[in-house]
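Throughout, read-outs are computed from the coordinates displayed, never taken from laboratory work. Quick caveat: nothing in here was measured; it's all calculated off a predicted structure. Neighbour counts are summed over all protein chains in view; Cβ atoms, including those assigned to glycine, are modelled from backbone coordinates with ideal geometry.
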Amino acid sequence: MKRVLILSQTSVFGGAEVVLTDFLKENTSHDFLIFTSSDNSIIGKYKELLPNAKIITSSTMRFYSMREHPLKAIYELLIRLKKVNQIVKEHKIDILYGNNTADLITVVLYKKLYNRQIKIISHIHDMLDLPVYRKYLRFIRRFDNIVDAYIVPSSAGKKAFAEFVHDENKIHVIHNGVSCEHEKTLLTKEQLKEKYGIPVEKRVMLFVGLISKIKRLDLFVNVIDALNEIVDEYVGVVIGKLADDSFSNFIYHKNIVYLGQRERETLFKEIYNMAECLIVTSDSENLSTVSLEAMSAGLFVAARDVGGTSEYIDDDNTGILLPVNATPDMIAKKIYYIVNNDAKRNAIIEKANEMIKNEFDNNHKCDLINQLIENLGKTE
């Protein structure tokens, strides 16, 4: 058993944090501590999984953009490194585990400046081939020799930065995992729509995710409009935190119902059960956890063919794979055909659910990461 300090620098509880909580749930293979933001909405998630003594927080673990706030970001980084050193010494930590892409910088600089003997793992959830992540690729190229292992959730994620790593064997593809056992409401679709203020005659198309430029809520809204040009019976339900004010006009669009952030349990119990389809319009996805969860809950998924999407969606078999350059009209027509063909949609849902059970089981994912931690901590 190894003593593992997980770093999770973040300002929101997003996909990487969801994946982390799944990993920590009932995981006794190692002694885990977490160092994260002092935001109560984030801390509360981990209190359900770890004793208070294992949860260490700091305002320096909020995310600050180096480009927008360079002095603030550098100052917070220096304070953060000192705090990590204190935790490592106090708890005799064997391994540092950076849960977010941003944590890569902290774990690497800690090892370089404070403790060259400690082992470090960097979990890269983002697709690093996007221009916004160019700084991380430069950082990896310069300091890759310090990193002991990378974890990526898809083969596409590995390919995105493999050329910057001197040894590809350090990059471990471990798919995000989900559970297929969920509590469901006894309410009907019509009753659920009434509960959330949605006209009962409307068919619900779903968007779940951080409302930001990369998630393309604008495209989702245009698809809903295109569906209503075919038959005026669709409404787009949007769930997620507004992270970019430039998208605020889309959440108040005439064919959109914005429900804000919702607990994961509510998605499984109610939201997925009143929807016809989850539409993933992102410009980039390493491996969409919300898509896997929707599939496990029996919801049909249509997603753009970006990143690792094709690793879980086989077009017209386990979902709909949308070409990146597909127009809203093209997307709407393809979705309309499936949601109005019960036999086809039910076959897709059944195959998708079977695939989740066979290939994306959360226990299997946890076993692989635990094994990596164990092997990495062995003295050579």
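List of remarks:
- Test: residue in the range 324-336 that is farther than 26 Å from Val200 by Cα, polar (S, T, N, Q) and either in a helix (DSSP H, G or I) or more than 20 Å from the chain's Cα centre (by Cα) (or both): yes
- Contact map, the range 69-84: residues that are on the phi < 0 side of the Ramachandran plot and assigned to a helix (DSSP H, G or I) paired with residues that are surrounded by fewer than 12 Cβ atoms within 10 Å (Cβ to Cβ) and of a type in the set (Ser, Thr, Tyr), Cβ distance under 7 Å, separation 6+ or inter-chain. Pairs shown: Ala73/Ser65.
- All positions within the range 138-171 that are within 14 Å of Gly308 (Cβ to Cβ) and outside any helix (DSSP H, G or I): Ile151, Val152, Pro153, Ser154, Ile171
- Asp167 vs. criteria surrounded by 15 or more Cβ atoms within 10 Å (Cβ to Cβ) and either under 30 Å from Tyr272 (Cα atoms) or of a type outside the set (Val, Ile, Thr) (or both): no
- Screening Val306 against (1) out of contact with any Pro (no Cβ under 9 Å at 6 or more places or on another chain); (2) part of a helix (DSSP H, G or I); (3) farther than 24 Å from Ile198 by Cα leaves a single unmet condition, (2).
- Residues in the range 135-163 that are free of Cβ contacts under 8 Å to residues at least 60 places away in the same chain, closer than 22 Å to Lys111 by Cα and among the basic types (Lys, Arg): Arg138, Arg141, Arg142.
- Candidates Thr10, Thr36 - the one that is surrounded by 17 or more Cβ atoms within 10 Å (Cβ to Cβ), hydroxyl-bearing (Ser, Thr, Tyr), assigned to a loop (DSSP other than H, G, I, E, B) and in contact with a helix residue (DSSP H, G or I) (Cβ under 9 Å, 6 or more places away or on another chain): Thr10
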